[in-house]
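A short reminder: the numbers here are calculations on the coordinates, not readings from a lab. All of these numbers come straight from a predicted model, not from anything done at the bench. Positions of Cβ are backbone-derived with ideal geometry, glycine not excepted, and every protein chain shown enters the neighbour counts.
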Amino acid sequence: MTEDKSQQPGLYKTGGWSSHYILIICTLLYVINYIDRQVFSVVLQPMKVELGLTDTQCGLAQTIFILGMALFSFPVAYMVDRWSRNKTIGIMALLWSLFTFLTGFAKSFTTLIMPRSLVGVGESGFTAGGVAMVSAAYPPEKRARMLGIFNIGIPLGAAIGVIAGGAISAAMGWRWAFYIFAIPGVILSILAFFMRDYKTPAGPGTAGARINFGKSIAALFRIPSLVLYFFGYGILCFMTVSVLVWAPALMMRLMSISEATAGMIVGGWALVAIIAAPLGGWLADLWQKKTGKGRLYLPALASILAAIVLIIMVILRFGPIGIALGFVYGFLSVVGSPALNAVSQDVVPAAHKGLSMGMAVFAAYMFGGAWGPSVVGAISDKLGGGADGLLTAFLITTIAGFIAALLLWLAARTYPADMAKVQQETLIAK
């Protein structure tokens, strides 16, 4: 009978109430994280009108927000591994909630991008810490499934952000959406301090030894599957982030509807996608068990299918059938997320788990996601700033979906061997 190392004295115990507490708090924070991201998209149109912004400026505001996340994801992720995961998560959540509140006071483009960029800085540390905490709290064979629950935060937060944000904006004005959504983040930031953390291995010569920042980064880039994964993840986000940011505005322009109605449509897509995260985690673990590569094959396949569905939606000009296909697109855009998170943890030693996810966040935005909203906005302005410009830009973003699928498929070739190198590591309780 195989000995359960996680239950030995001194070792970090997996499962039980303390692990469930980590999962609950991190998942709820992920919901708030995406609410605070996505509310911007549903109030973009009325905010643009009131502040006198162009589509390029609207896209740039979101790009600057994303760059804040990308540029700080590295140092914050390094701090997550070297200092404290639960404390870093709590502090970051408090910061992004404060600056979400201050975004509601914007009077111009400059006063909009300043707090918005700092929301991005605050959110930069969460994904790395959250993924590291959740993946460590459960046995490796359940990793994608538990991260599937954690990743419910993406569609649920996006749905609440656009549905409730649109309704608040229509009833009270767009500023109130930022004021109201800042409150739950503050409450959860306090609860995050009580999550159980694990120690970072410090022994010299071990696979997880503490090394300086530069050497830590270099160590990640010596893992072949991880390098291809980083680029594939980033390029995929060029398409997915662009659609998240601009879909409500496109609906409003195509159908002359309010932000509340546009939020209901796009939020509906996200709500259906809620089943995609846990289902995707379960499917990835099942495929992984059979082939040893399922956690990369699943997001590669989903990327291709999502791009195809988006092309059809654009051709149909988001008519009734196109809107119905939006539910399929929402599902496909999320179903691979748990597997992608799991891969970032599967092939790295314990000392680099937070940094690996931080690099994944950096790659997701610097290699694609940060630039998508600006590119879409610039194309729209170039073509007259109406619905047709956004439709053309959406069509262009689908190229990224096909490129990303190829890179993830290539990463799968060395993924099993890379994972085997760190398979025997154990975690120590703090």
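Sorted ascending by nearby beta carbons within 10 Å, beginning with the fewest, ASP36, ASP388, ASP346, ASP418 become ASP388, ASP418, ASP346, ASP36. Distance between the modelled labels on THR111 and ARG413, one decimal in nanometres: 5.5 nm (7 Å Cα→Cβ projection). Helices in the chain, meaning DSSP H runs of at least 4 residues, each add -39500 (n - 2.57). Divided by all residues, the mean residue ellipticity at 222 nm is -25500 deg cm²/dmol. Against the chain, whose longest principal axis comes from its Cα atoms, helix 109-123 is set at around 20 degrees. Selection among SER41, GLY104, GLY130 by position relative to the dipole of segment 7-429 gives GLY130 as farthest towards the positive end (Cβ unit charges, Cα centre). According to the square roots a ≥ b ≥ c of the eigenvalues of the Cα gyration tensor, what is the shape class of segment 30-80, taking rounded for a/c under 1.5, prolate for a/b larger than b/c otherwise, and oblate for the remainder? Oblate is the answer for segment 30-80, as a/c is 1.5 or above yet b/c matches or exceeds a/b.
Put in line by how crowded their Cβ is, counting other Cβ atoms within 10 Å and starting with the fewest, TYR30, TYR179, TYR138 read TYR179, TYR138, TYR30. Summary of the geometry: segment 33-49 and segment 91-151, compared by the centres of their Cα atoms, lie 16 Å apart. Pairs over the 22 Å Cα-Cα cut-off, from the set LYS215/LYS421; LYS142/LYS293; LYS215/LYS289; LYS215/LYS293; LYS142/LYS353; LYS87/LYS421: LYS215/LYS289; LYS215/LYS293; LYS87/LYS421.
Highest mobility in the GNM of the chain, judged by mean-square fluctuation with C-alpha springs under 10 Å and restricted to ARG413, ARG82, ARG222, is found for ARG222. Each label point was placed 7 Å from the Cα along the Cα-to-Cβ direction; for LEU406 and TYR21 their separation is 4.9 nm.
Distance between the modelled labels on LEU191 and MET255, one decimal in nanometres: 3.4 nm (7 Å Cα→Cβ projection). The Cα atoms of segment 270-354 cover 49, 26, 19 Å along the three principal axes, with the biggest extent listed first. Each eigenvalue of the Cα gyration tensor of segment 295-420, multiplied by 5 and square-rooted, gives one semi-axis; in descending order these are 31, 17, 11 Å.
Annotation: segment 358-408 has a Kirkwood hydrodynamic radius of 11.8 angstrom, from the mean reciprocal C-alpha pair distance. Taken about its Cα centre, the chain carries a charge dipole of about 780 debye when Lys and Arg each add +1 at the Cβ and Asp and Glu each add -1 at the Cβ. Neighbour counts of C-beta atoms inside 10 Å place LEU254, LEU44 in the sequence LEU254, LEU44, starting with the fewest.
Computed from backbone phi with θ = phi - 60° and the Karplus coefficients 6.51, -1.76 and 1.60, the 3J(HN,Hα) list for segment 291-304 is 10, x, 9, x, 6, 10, 5, 4, x, 5, 5, 4, 5, 4 Hz; x is used for glycine and proline. Along its principal axes, segment 7-429 has C-alpha extents of 62, 40, 36 angstrom, given from the largest down. For the pair segment 323-367 / segment 245-288, the C-alpha centres are spaced 17 Å from each other. Annotation: extensible slack from THR54 through TRP83 equals 6.2 nm (criterion: 0.36 nm per residue apart, minus Cα-Cα distance).
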